[in-house]
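Right, one structure below, let's go through it.
None of the figures in this text is laboratory data; all of them are computed from the coordinates on show. Predicted model only: the values in this text are computed from it and were never measured. Every residue, glycine among them, receives a Cβ derived from its backbone with ideal geometry; neighbour counts consider all protein chains shown.
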There are 2 protein chains.
Amino acid sequence: MYPYRHLFDFTREIFLNIGCPLEDAQLATQVLLEADLRGVDSHGVARLSGYIRLWEAGRINPKPSISIVHETPSTATVDGDGGLGLVVAPRAMDIAMQKAENVGTGWVSVRNSNHFGIAGYHAMQALQRDMIGMAMTNASPLVAPTHSTKRMLGTNPIAVAVPANEQPPFVADFATASAANGKLEILQRKNEKAPLGWIQTAQGEDTDNADELKQGGSLLPLGSDLTHGSHKGYALGAIVDIFSAVLSGANYGPWVPPFVSFLAPPADPVGQGIGHFLGAMRIDAFRPADEFKQHMDNWITSFRKADVKRGEEAVLIPGDPERIMTAIRLRKGIPLLPPVEKDLAELGKKLGVKF
Amino acid sequence: MYPYRHLFDFTREIFLNIGCPLEDAQLATQVLLEADLRGVDSHGVARLSGYIRLWEAGRINPKPSISIVHETPSTATVDGDGGLGLVVAPRAMDIAMQKAENVGTGWVSVRNSNHFGIAGYHAMQALQRDMIGMAMTNASPLVAPTHSTKRMLGTNPIAVAVPANEQPPFVADFATASAANGKLEILQRKNEKAPLGWIQTAQGEDTDNADELKQGGSLLPLGSDLTHGSHKGYALGAIVDIFSAVLSGANYGPWVPPFVSFLAPPADPVGQGIGHFLGAMRIDAFRPADEFKQHMDNWITSFRKADVKRGEEAVLIPGDPERIMTAIRLRKGIPLLPPVEKDLAELGKKLGVKF
């Protein structure tokens, strides 16, 4: 178990070491480690060396000049200048929230960025300002559209955070595939089978072999097959791709550059970097915030109290499991798998930072 | 087969007959029949007598005074005054688009409305103005959240329409349940089994009996079960409910009034009527519209050409099947099932309109 503070200091030193300004290093660390706190282990410090390898390959700019390239009172298009998504996305969210202060809502499409950590972090920034926050991003292609054998979309997550009054906020944060890639990685590591409906082979046959992804297979959209609505998951992933990248001028669909440094980006890009879409809506742009939040409390408690199936404890509200995990990990520390520990120790050694 | 014009004239007469002003009767007819044209038979003229029975029960106001009760430059909250959703939603979408003209985007949450037909119609209004359109609505509870046995959410659809250049537009329009209720009604009528993963019994067991819904069972969220991401479908349905009703002051969750006149609305409402959420984003609030639409063409054609599984013809773009169906039905007419023909003939007789 690693205390949050320990991982924070290490990660910040690493980001400082590659040339990030102090403020950016702090911010990137906070965003990255939010994943570890919330139990989304695939998106946290386990990815740190991946970001650094992209920097080594010249594919991440540690000192980006993030700029608004186009705007209206309620919108902006932001160029991330090849920076860490962990830094670019929070700045873009700040712009969205400022616009929401001014005209009720703010919507920012971002190009020329990189992986932004967990979508939930960015959406949640709106909560303290009595706003609804939204965040989505495209990602390197792993998901095949309905009927297809080709990886055309990333797991393209959507996060929506809604404030409540006495109840904790509603925080949905989910991939638009039937299972996020992080879950596959865990099965691969443990050499376990995957449930049918998560993956297909390169020929498009349903499979329980988690390794098929490495052999040309693909993830399936939320819904898994046409009968169960995979065309809806495909449409959701497509909407995320269009809002994040076609609106902003980033790469989309099969052109999204891979997160890993050993795979080259497509030679014929259709835009710059990867794309995000961030939104903020001021609650009191629709109705008084206290009235809304009291109704959200009622919404949340009525769902929490709904009858459950035999063997289940309660209906969960989106964000419940992550909030509980955060409380535990802040108290007891964050567990890291041995390969992650080894990877971080090597990374520290290379950059002269003690792990 | 009924010519579109025939069904149009009949439906408009019916709406005029219950007291709708001419303009409203025209509009309601156009919205309602768009479902029949697009092949969403469950949401079209087959529902006409249902709307009329709600009017007879005093639950639909044929002459609503639709008003903005709160607004900012990019938002509005609209009170539908108990009118037909078929009329209220297009007016609200007009407000959203006007705000998008002014400040880049417009977002309207609607309370005190009724069923608004197909979500896609409303989202598509944005296309001719080079805007992205969005529409969602809550509906009477049929879907149980993950772990629950209780119907807490409607099939709460989401529609997103995105303009392209030479390609037809991208139009996604889908329920956030694994199967829309209309599909169940078809199986019930034909006395056929449902696929597992669509419905559960009153005790929360998976079932293939399409009639379980009438015996306390419920529809399952998109994803069907927890392993395949039903918590994501539940979260999506919840987001639609919150944006449509908690933001506007409509009824939400289990309090949403039923569409059918023989079931009374809840005695302890938490808001007024049902709720919708409509949005419009001007493309050129982000980047020049012609540039965007050329990239949408590229997005669409690259997906359409993606490799398919053996036996499949092509990857479909959201909106393809409905567009093809519209062309066929405008040419060949709209088929109606015998019970629908009978129902419409009786309705016409009652109101003195020849079917």
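So the label point sits 7 Å from Cα along the Cα-to-Cβ vector; using that for B:I68, what distances do you get to the other copies, in nanometres, sorted shortest first?
Output for B:I68: 2.3 nm, nearest copy listed first.
At a 10 Å Cβ-Cβ cut-off, how would you order B:H276, B:H6, A:H43, fewest neighbours first? Show your work: numbers first, answer last.
Working: B:H276 32, B:H6 13, A:H43 24.
Lowest count first: B:H6, A:H43, B:H276.
Under a point-charge model restricted to the Cβ atoms of Lys and Arg (+1) and Asp and Glu (-1), what is the dipole moment magnitude of the protein assembly as shown relative to its Cα centre, in debye to the nearest 20?
Magnitude of the dipole: close to 360 debye.
With each run of n ≥ 4 DSSP H residues scored as -39500 (n - 2.57), what mean residue ellipticity at 222 nm is computed for the protein assembly as shown after dividing by its residue count and rounding to the nearest 500 deg cm²/dmol? Please report the intermediate quantities before stating the final value.
Working: 20 runs with 260 residues, N = 710.
The per-residue figure over the protein assembly as shown is -11500 deg cm²/dmol.
Going by Cα centres, segment A:207-270 and segment B:272-322 are how many Å apart?
After rounding, the separation between the Cα centres reads 15 Å.
Distances from A:G50 to the same residue in each other copy, label points 7 Å out along Cα→Cβ, in nm, shortest first?
Here the equivalent label points are 4.5 nm apart from this one.
Rule-of-thumb check for segment B:10-55: C-alpha Rg over 2.2 N^0.38 Å? Kindly include the intermediate steps, with their values, before the conclusion.
Values: Rg = 10.1 Å, N = 46, 2.2 N^0.38 = 9.4 Å.
Cα-based Rg divided by the globular estimate yields 1.07.
With a cut-off of at most 12 other beta carbons within 10 Å, and DSSP calling the residue loop, which GluC sites (Glu not before Pro) in segment B:277-355 qualify? Please list them. Mind showing how you got there, number by number?
Working: sites: B:E291, B:E312, B:E313, B:E322, B:E341, B:E346; in loops: B:E312, B:E313.
Hits after loop and neighbour filter: B:E313.
Principal axes first, then extents: for the Cα atoms of chain B, list largest minus smallest coordinate on each axis, whole Å, largest first.
Principal-axis extents of chain B (Cα, largest first): 52, 49, 44 Å.
On alpha-carbon atoms, Rg over Rh for segment A:179-219 using Kirkwood Rh? List each step's numbers first, then the result.
On the way: Rg = 8.8 Å, Rh = 9.7 Å.
With Rh from the inverse mean 1/r over Cα pairs, Rg/Rh is 0.91.
Give me the compactness ratio for segment A:230-342, meaning the Cα radius of gyration over 2.2 N^0.38 Å. The partial results should precede the final answer.
Details: Rg = 21.0 Å, N = 113, 2.2 N^0.38 = 13.3 Å.
So segment A:230-342 has a normalised radius of gyration of 1.58.
My understanding is that a pair violates if its Cα-Cα distance is over 19 Å; which of A:K190/A:K342; A:K63/A:K342; A:K232/B:K193 do that in this structure? Present the calculation step by step, with values, prior to reporting the outcome.
Numbers: A:K190/A:K342 17 Å; A:K63/A:K342 28 Å; A:K232/B:K193 22 Å.
Over 19 Å Cα-Cα: A:K63/A:K342; A:K232/B:K193.
For segment B:250-355, calculate the relative contact order in percent as a whole number, restricting contacts to Cα pairs under 8 Å that are 6 or more residues apart. Walk me through the numbers on the way to the answer.
Values: 57 pairs, mean separation 13.7, N = 106.
Relative contact order for segment B:250-355 comes out at 13 percent.
Positive end of the charge dipole of the protein assembly as shown (Lys, Arg +1 and Asp, Glu -1 on Cβ, about the Cα centre): tell me which of B:T72, A:F259, A:I199 has its Cα farthest that way.
A:I199
If we count other beta carbons within 10 Å of each Cβ, what is the order of B:H122, B:H70, B:H115, A:H228, fewest first?
B:H70, B:H115, A:H228, B:H122
Shielding by partners for A:247-258, please: the mean number of other protein chain Cβ atoms within 10 Å of each residue's Cβ.
Details: counts 10, 3, 5, 0, 0, 5, 6, 3, 3, 0, 0, 0.
The shielding value for this peptide is 3.
Just to confirm the filter: which chymotrypsin sites (Phe, Trp or Tyr not before Pro) across segment B:175-276 are DSSP coil and have at most 14 other Cβ within 10 angstrom of their Cβ? Could the numbers behind the result be given before it?
Numbers: sites: B:W198, B:Y234, B:F243, B:Y252, B:W255, B:F259, B:F262; in loops: B:W198, B:Y252, B:F259, B:F262.
Sparse-neighbourhood loop chymotrypsin sites (Phe, Trp or Tyr not before Pro): B:F262.
Can you pull the mean other chain C-beta count within 10 Å for peptide B:240-246? List each step's numbers first, then the result.
Values: counts 0, 2, 9, 5, 0, 2, 15.
The per-residue average across the peptide is 5.
Expressed as a fraction of 2.2 N^0.38 Å, the rule-of-thumb size for a compact globular protein of N residues, what is the C-alpha radius of gyration of the protein assembly as shown?
Working: Rg = 24.9 Å, N = 710, 2.2 N^0.38 = 26.7 Å.
Compared with the compact-globule rule of thumb, the protein assembly as shown sits at 0.93.
Loop-only check: which GluC sites (Glu not before Pro) in segment A:144-240 are DSSP coil with at most 12 other Cβ within 10 angstrom? Display every interim value, and only then the final one.
Numbers: sites: A:E166, A:E185, A:E192, A:E205, A:E212; in loops: A:E166, A:E192, A:E205.
Qualifying residues, ordered by number: A:E166, A:E192.
Provide Rg over Rh for segment A:276-347; use the alpha carbon set for both Rg and the Kirkwood Rh (inverse mean inverse pair distance).
Values: Rg = 19.3 Å, Rh = 16.6 Å.
My calculation of the ratio gives 1.17.
For label points placed 7 Å from Cα toward Cβ, what is the shortest-first list of nm distances from A:D320 to its copies?
4.0
Given Cα pairs under 8 Å that are at least 6 residues apart, what percent is the relative contact order of segment B:120-227?
The value is 24 percent.
Arrange the following residues from fewest to most other Cβ atoms within 10 Å of their Cβ: B:T11, B:T301. All intermediate terms of the calculation are to be shown ahead of the outcome.
Working: B:T11 25, B:T301 14.
Fewest-to-most ranking of B:T11, B:T301: B:T301, B:T11.
Find the relative contact order for chain B and round it to a whole percent, using C-alpha pairs within less than 8 Å whose residues are 6+ positions apart. Present the calculation step by step, with values, prior to reporting the outcome.
Values: 805 pairs, mean separation 72.4, N = 355.
Result for chain B is 20 percent.
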